[in-house]
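To keep things clear, I will list the structure first and then write my remarks on it.
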Amino acid sequence: MRVTRSTISTIMTAVAVVMLRAAIPSAIHDTFETGRVYLFSREFLEELPTGPGRFRFVLQPVMAILLGWRDGRADARAGRPAYPYGLLVSGEKRKELVRSGWSTVRDLVAMGIIPDAVVQLLIYRQVHPGAALVVGPVLITLPYAMSRALTNRVARRMGGGPNTVQ
């Protein structure tokens, strides 16, 4: 049996969704017990630089930049416009760009949620799903889009038009 990238992506996404869904009852219980929503609490902000949140600030943007670099090179090879510009202006290629960007961002979000949820579970004995859903995408989307666009432009300027980027 051959395992494809699509299969792995689907499995990672399913695992992340199951983990978040399983954490919701505990998060609701915590909210009723403490009278606060963790994501909007002082505790959340204080723990970001020192708690499980700090893991995200390095790993997720680095992974997003590397995957943006990979996808930007593929865009240059295929003659597609730079990513954000293509999303805004290029009507005929917009659907393809949205699909490829969503696929990569979905994988990154899942890769961010899973280890963060495990770390939260080990440290706090519970998972805060709101924090995983808000912080992860913020740390991923901007570095990914910028890296993808810059790589595409650099590859094109270095003579990397369609079918010439190594």
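Given the rule -39500 (n - 2.57) for each run of at least 4 DSSP H residues, summed and divided by the residues of the chain, what is its mean residue ellipticity at 222 nm, to the nearest 500 deg cm²/dmol?
Mean residue ellipticity, 222 nm, calculated: -27500 deg cm²/dmol.
For a quick check: sort Met158, Met146 by the number of other beta carbons within 10 angstrom, fewest at the front.
Ordered by Cβ neighbours within 10 Å, fewest first: Met158, Met146.
By count of other Cβ within 10 Å, fewest leading, how are Asp107, Asp71 ordered?
Lowest to highest Cβ neighbour count: Asp107, Asp71.
Sorted by average packing, counted as other Cβ atoms within 10 angstrom per residue and highest first, what order do 29-36, 43-50 take?
43-50, 29-36
Test of understanding: ordering Ser100, Ser147 by Cβ neighbours within 10 Å, fewest first, what list do you get?
Ascending number of Cβ neighbours within 10 Å: Ser100, Ser147.
To check my understanding: the extent here is largest minus smallest coordinate of the Cα atoms along each principal axis. What are those three numbers for segment 25-84, in Å, largest first?
Between the extreme Cα coordinates on each principal axis of segment 25-84 lie 55, 23, 17 Å.
Taking 0.36 nm per residue of separation and subtracting the Cα-Cα distance, what length does fully extending Tyr124 through Arg5 add?
This chain segment gains 39.6 nm when fully extended.
Which entry in (1) 59, 40, 27; (2) 69, 40, 39; (3) 71, 39, 24 matches Cα extents along the principal axes in Å derived from the coordinates of this structure?
Given (1) 59, 40, 27; (2) 69, 40, 39; (3) 71, 39, 24, the structure-derived one carries the label (1).
Once both labels are modelled 7 Å past Cα along the beta-carbon direction, what's the Phe40-Ala22 spacing in nm?
Inter-label distance under the simple model: 2.8 nm.
Since every read-out is calculated from the coordinates, none of them should be taken as a lab result. Keep in mind that what you see is a predicted model, and the values were worked out from it rather than measured. Note that we place each Cβ from the backbone using ideal geometry, even for glycine, and neighbour counts take in every protein chain shown.
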